[in-house]
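Presented below is the structure to which this report refers.
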Amino acid sequence: MSTEVRVPTLGESVTEATVATWFKKPGDSVAADEMLCELETDKVTVEVPAPTAGVLGEIVAEEGATVGVDALLAVIAEAGSAGSEQPEPRKGKPAEAAAGKAAKEAPAKGGDTIEVMVPTLGESVTEATVSTWFKKPGDAVEADEMLCELETDKVSVEVPAPASGTLGEILAAEGSTVEAGGKLALMTTGEGAAKPAKAEAASAPAETARSAGKDVEDAPSAKKLMAEKGLSPDQVQGSGRDGRIMKEDVQKAIAATSSPAPQASAPAQTPRAPVPAEDAAREERVKMTRLRQTIARRLKEAQNNAAMLTTYNEVDMGAVMDLRKEYKDLFEKKHGVKLGFMSFFVKACCHALFEVPEVNAEIDGTEVVYKNYVNMGVAVGTPSGLVVPVVRNAHELGFAAIEKQIAEMGLRARDGKLSMAEMQGGSFTISNGGVYGSLMSSPILNPPQSGILGMHKIQERPMVVGGQIVARPMMYLALSYDHRIVDGKGAVTFLVRVKEALEDPRRLLMDL
């Protein structure tokens, strides 16, 4: 009896892929869910697991072949039932077949085997990258204990253990791409909870020896490149977690040996001018995170799709600073949160947006969608990149509620704990470059929004007040807007209204 290995679903709008690497060859013993090959599409890399334990038979689609969804890749000859003493003979590989049989039988000796699945990733998000495994095969885990962390285009998602037991085989290694609902790992519960680590070791003795005691496998793309260039893992210094070898590490090793092949090994990269060998050895290549790739793509899309223009003004922050100084202690004592500048800007922008509604609108095809509410996005810098949590219905909130939400979401943004829902639905964005010392900048729109306000550093400058030159705490304001919706008059009016509200905060209280 044989089982067919077919091309899995490749993702929305993706209909074909290229067979990049086969990790097994005909005659090799394989365990259930062990990775057989790697497919490359124009968007992601997809690993194909073995649907059952057995012996790999005929490979129908060789490396380099183009295959469609559900196309036949290979055939696996099953090794027999769990109680069978002798596996089906296949190309004289008795030791490997026995190892595959042991891997298949081990989880069945008491306890249940359960699957750890990729959770729902959020609206419009269909795939993620496995960022970090907190546990390794054989580790005992408690129910709801964090097993791994996934990184999507927008947020990081932690995956908890569905039950108490022992982590068995990891099906999606760090760096691999998984789809919503896909399998991440196997767990064993009950009496058989201590077996998975042994089973995994039995199912891949050659790989364990090859990885020289590492807890994780090298990246598939790195293994492929090492095979192409005739390098062994001992010749490459891994920079990944626990010494995992990444593709970039192989490229650095090639450059260090003055091989002319690095350009050919990464055809997708933008061609670079020739780099002297001594400089190449001192360079470091680090793959962009999914979040950073998405930031880059969305910012470029904003420049390409919107008629973006920026107008500037300046505001005297003296009145806000005096008011804040006078009431900050009382405010914090009553509300349990510090009174910052951001709540003043949020309130000022809300007032201005209702007066100039086109700045709070967006284009949908041939229609303009005007919003009778303000969902205020507040840009937050994190170690992973810029994220924009949203304060919903900010126009209905008071200073304390705004400060509390901003403080809470800012903290969770830096910890990577924001949910997808908390970063969706924004209608306008405020970005504060002043916290980093920026004196002036032109912020880029956060599509599909039509406006973003850039705050900057407060700096004392000489100003003429009542005919006298005095030092005043001034801040430059920048409004970038989509000129397809917002005319220059509307943009300037918006900034003037924000300036007026900040220079006389009493206007906010009287809705002026």
What FRET efficiency would be calculated for the residue pair residue 25, residue 334, taking the C-beta separation as r and a Förster radius of 56 Å, to the nearest 0.05? 0.20
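Excluding residue 46 itself, calculate the net charge of residues whose Cβ lies under 9 Å from the Cβ of residue 46, where each Lys or Arg counts +1 and each Asp or Glu counts -1.
Net local charge, residue 46 excluded: -4.
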Exposure-ranked with fewest Cβ neighbours within 10 Å first, 474, 440, 288 stand as 288, 440, 474
Between residue 471 and residue 506, what's the calculated FRET efficiency when r is the beta-carbon distance and R0 is 25 Å? Round to 0.05. 0.60
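Once you have the Kirkwood Rh of the range 315-437 from its Cα pairs, apply Stokes-Einstein at 10 °C and 1.306 mPa s and quote D in µm²/s. The partial results should precede the final answer.
On the way: Rh = 15.5 Å.
Estimated diffusion coefficient is 102 µm²/s.
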Net length gained if the chain between residue 323 and residue 41 were fully extended (0.36 nm per residue, minus Cα distance): 95.8 nm
Using a cut-off of under 11 Å, list every residue of the range 144-182 whose amide N is near the label point 7 Å from the Cα of residue 134 along the Cα-to-beta-carbon line. 144-150, 158-161
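Let me check I've understood the local charge: for residue 72, count other residues with C-beta under 11 angstrom from its C-beta, Lys and Arg +1, Asp and Glu -1. What total comes out?
Numbers: positive: 6; negative: 4, 58, 70.
Cβ neighbours under 11 Å give a net charge of -2.
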Percentage relative contact order, the range 292-509, counting C-alpha pairs under 8 Å, at least six apart: 31 percent
Count charges around residue 181 for me, please; just the other residues with Cβ under 13 Å from its Cβ, Lys/Arg as +1, Asp/Glu as -1. -2
To the nearest 20 debye, what charge dipole does the range 292-509 have about its Cα centre, counting +1 at the Cβ of each Lys and Arg and -1 at the Cβ of each Asp and Glu? 560 debye
Can you list residues from other chains, or at least 5 along the same chain, whose modelled amide H is less than 5 Å from the amide H of residue 20? 38, 39, 40, 64
Could you work out the Kirkwood radius for the range 292-509, taking every pair of different alpha carbons, averaging 1/r and inverting it, reported in Å? 17.8 Å
Using amide H atoms built 1.01 Å from N in the peptide plane, name the residues 5+ places from residue 158, or on other chains, whose amide H lies under 5 Å from its own. 150
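Coordinate-derived values only; no laboratory data. Treat the numbers as computed from the prediction; the structure is a model and nothing was measured. Using ideal geometry, Cβ is built from the backbone for each residue, glycine included, and neighbour counts are taken over all protein chains shown.
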